[in-house]
Amino acid sequence: MKQTNGVPYLIKFIWFIGFIALAIIAFNLDNQIQQSASETYSLLPVIWTKLVISIIFGLYISLILVKKWSIKVNFSLLWCVAIPSLILSVAFPILASLSLSGHLPGIVESSPISFGLQKIFSMNIIGIIAGLTIILSFFNNQSSKVEH
């Protein structure tokens, strides 16, 4: 009979406990920021907090997916997925900040692009994808050979 080493199971269980702890911390932080925003009538901290939380979740999820922690950049994943998703995820908070400070032209503020970015941002999935693919693009596990 082959004995199995329990270390991989323990590492994954510890990761899961950390994920639950991160979710609780993020939930409490989000509630605290929303309460503060309702008292001050400023939604900007809520917008930026949602972005940071979603990117942190993406970074944390990627920790369990990286098998080998040696830097080998996957440029196609970096330039075609990670960077565009990072740009998309920060575009709405930046536009909201510029709009609130009065530095955003009215035509941009009322454009369909602004409304589209708001819809994309409201799902929070783009920030998770950005955080996830940033780590995965730097710690590439795939070989560079194309197999037929």
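The selection criterion, being small (Gly, Ala, Ser), under 29 Å from residue 32 (Cα atoms) and at pLDDT below 85, holds for residue 114.
Yes or no, residue by residue, for (1) modelled with pLDDT of 95 or more; (2) open to solvent by less than 60 Å² (accessible area, probe 1.4 Å):
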| residue | (1), (2) |
| --- | --- |
| 1 | no, no |
| 9 | no, no |
| 13 | yes, no |
| 26 | yes, yes |
| 41 | no, no |
| 60 | yes, yes |
| 64 | no, yes |
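The numbered conditions (1) touching a Phe, Trp or Tyr at 6+ places or on another chain (Cβ under 6 Å); (2) open to solvent by 50 Å² or more (accessible area, probe 1.4 Å) are all true for residue 93 except (2). All of (1) aliphatic (A, V, I, L, M); (2) open to solvent by less than 60 Å² (accessible area, probe 1.4 Å); (3) modelled with pLDDT under 95 hold for residue 81 with one exception: (3). Does residue 76 fit the bill of being open to solvent by 50 Å² or more (accessible area, probe 1.4 Å), at pLDDT 85 or above and of a type in the set (Ser, Thr, Tyr)? So residue 76 passes the test.
Taking residue 138 as the residue in question, decide whether it is touching a residue at least 60 places away in the same chain (Cβ under 8 Å), within 16 Å of the chain's Cα centre (by Cα) and open to solvent by 30 Å² or more (accessible area, probe 1.4 Å). Can you show your working first?
Details: touching a residue at least 60 places away in the same chain (Cβ under 8 Å): yes; within 16 Å of the chain's Cα centre (by Cα): yes; open to solvent by 30 Å² or more (accessible area, probe 1.4 Å): yes.
Answer is yes for this residue.
Of the set (1) without any contact (Cβ under 8 Å) to a residue 60 or more places away in the chain; (2) assigned to a helix (DSSP H, G or I); (3) of a type outside the set (A, V, I, L, M), all apply to residue 42 but (2).
The values are calculated or read from the model by the stated rules, or taken from the named source; none is laboratory data. For clarity, every value in this text was computed on a predicted model and none was experimentally measured. With ideal geometry, Cβ positions are generated from the backbone for all residues, glycine too; neighbour counts draw on all protein chains shown. Remember, those area values only see protein heavy atoms, side chains included, never the ligands or the DNA or RNA. Shrake-Rupley method; radii C 1.70, N 1.55, O 1.52, S 1.80 Å.
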